[in-house]
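See below for the structure under consideration.
The values are calculated or read from the model by the stated rules, or taken from the named source; none is laboratory data. Remember, predicted model here, so these are calculated numbers, not experimental data. Methodologically, a virtual Cβ is constructed for each residue, glycine included, from the backbone with ideal geometry; neighbour enumeration extends over all protein chains shown.
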Amino acid sequence: MDLLALFLPLAQTSGDVESGLKAIALGVGAGLGTIGPGIGVGYIFGKVIESVTRQPEMRDEITSIQWLGFALTEAIVFYAFIFGLIAFFL
């Protein structure tokens, strides 16, 4: 089955096929753009728990590095969202 034919009924509800397909592409792109950072954040916090368990005296230093890694990983979600919006409106 053709992928366009699968999503075409969803796009035709607004009357404009092109804008409907752009909206679908934005949703799929934003969804795929959040999978990687979600895995990365889970990996970061899992490794922090493991590190603090092995060396409890390093907890403060590990926690500060953890938040830096978390912020950098979450920035990828915002980049994916912004690029999706730019692609949608261009």
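Points to keep in mind about this one:
- Condition check for A11: surrounded by 11 or more Cβ atoms within 10 Å (Cβ to Cβ) and modelled with pLDDT under 90: yes
- Residue in segment 58-70 that is of a type in the set (G, A, S) and in contact (Cβ under 8 Å) with a residue 12 or more places away in the chain present: yes
- Number of positions in segment 58-73 that are of a type in the set (D, E) and either surrounded by 11 or more Cβ atoms within 10 Å (Cβ to Cβ) or at pLDDT 95 or above (or both): 1
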